[in-house]
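*Asks:* Following this message is one structure expressed as structure tokens.
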Amino acid sequence: MKIDTIQSWVLRYPDANDHGEWRLTVFVRVQTCDGVVGWGEGIAMWPEACKATKLLIDEAFGPLLIAAGDITVAQAWEMMRGHCWWYGEGGIACFAYSALDMALWDIAGQIEGKPLHALLGGKKRDFMPAYACNHVNKATNQDNIDEVVGFKQAGFVGVKLGFGKRGLSNIGRDPKNDVAFIRALRAAVGDDFDILVDAGHGVRWDLCTGINTVRAMAEYGIGWIEEPFYPTRIEAHRALKAAVPVPIAMGERAFTVTDYERLIATGVADVLGVDPGRVEGITGFARVDQRAGAAGLTMNAHAWSTAVTTAASLHLSLASANTRLLELKPFAVSVQTELVSEPIVQRDGRIAPIERPGLGIDVNEDLVRRLAWDG
Ligand SMILES: [Mg+2]
């Protein structure tokens, strides 16, 4: 493919899934000399990180791709990584070339007339089971339990509970209450419903508290514990893994395929969270997936942003033998419901494949321009 033009935007939108707070991301629109258009996203999230990502797209990687002439996606990926060798082994540069890599895969699929999952080796299953990826942010335990019961009634097969988030809840900040919440939630939703706990950035457990809390939650059947400690505390993860019968999910602070190779080598992660809008794009995700498969680990796409990343995550998850679930934001948000002509939704707990070429999304460019933020 030969790239003709590249445009980028920082998008800002209020998200009902994050207590109505503003969230930001970076979009690219890449057009070939033949007029094929591809879309990509880099989930930099913070205003300054989004601005830096856009600058790297506009002033470094974009011009590089245009100047390269006729290239393949793999060549473009190597070229972008090679360009930022001094500053790009992780960090902001990864958001920028992840977005471009995603757009180039979208284009490649359209040129071949095949959906992305076909380009990635073909579907390993007919649909992805959907869980609601929810921030626990209502005032009382009962409100938060009622909310999850609503997800089950809507068809979701499970929930991931973000602890220590913005909002009115103290979930994640009082271990005793956290366990009581999980116990009451399990009683409310029954046994045939996945409960995943994401401690994430907001929870600060010391080793002893982490072990005791996760062990107590394990009695009520949690599917995994995500980011229980700061990600560099490998020995704390190892101690937790030895002490509890709960899979450990990690990866939120990893940026590159190499980061995941190091993480896999520690032996502490059971589930790898991987975001194609951050981890060296679709190419990066696919390479991590190969390594996860060889190590017998589960892959889980981090897809908590717009429909562009959700589409990429859906194709990648379907084409992987190592995934078991895919997350959706449970509450309506413009970057999911209005951004694409056919929003990605679950029905009876299932997310159907997209069978149109490339990412297979028809992006509402008016909405992109409406949400564009210039800081
Ligand atoms: Mg997480």
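Read-outs: derived from the displayed coordinates by stated rules, not from any lab. Because the structure is a prediction, the values reported are computed rather than measured.
*Asks:* In percent, how large is the relative contact order of region 188-247, given Cα pairs closer than 8 Å and 6 or more residues apart?
*Replies:* After rounding, I find 43 percent.
*Asks:* Which helices count as membrane-span-like in the chain under these terms: full DSSP H, at least 27 Å along the axis by C-alpha, Kyte-Doolittle mean of -1.0 or more?
*Replies:* 92-112
*Asks:* So, one more: What shape does region 118-351 have by the C-alpha gyration tensor, where a ≥ b ≥ c are the square roots of the eigenvalues, rounded means a/c under 1.5, and otherwise prolate means a/b greater than b/c and oblate the rest?
*Replies:* Oblate is the answer for region 118-351, as a/c is 1.5 or above yet b/c matches or exceeds a/b.
*Asks:* Compare 131, 230, 260 in a GNM of the chain, Cα atoms joined below 10 Å, and give the one with the largest fluctuation.
*Replies:* In the Gaussian network model the winner is 230.
*Asks:* Taking Cα pairs under 8 Å and at least six residues apart, what relative contact order does the chain come out at, in percent?
*Replies:* Normalised by residue count, the contact order of the chain is 21 percent.
*Asks:* How many times 2.2 N^0.38 Å is the alpha carbon radius of gyration of region 212-257?
*Replies:* 1.18
*Asks:* Let me confirm the definition first: pairs of Lys residues in the chain, 8 or more apart or on different chains, C-alpha distance under 17 Å. How many are there?
*Replies:* 9
*Asks:* Between 24, 11, 64, which gets the highest mean-square fluctuation from a Gaussian network model of the chain, Cα cutoff 10 Å?
*Replies:* 64
*Asks:* Please report the antiparallel percentage of DSSP beta bridges with both residues in the chain, rounded to the nearest 5.
*Replies:* Looking only at bridges with both residues in the chain, the antiparallel portion is about 50 percent.
*Asks:* When the chain is treated as a GNM, springs tying every alpha-carbon pair under 10 Å, which of 319, 265, 236 comes out with the largest mean-square fluctuation?
*Replies:* Looking only at 319, 265, 236, the largest GNM fluctuation is found for 265.
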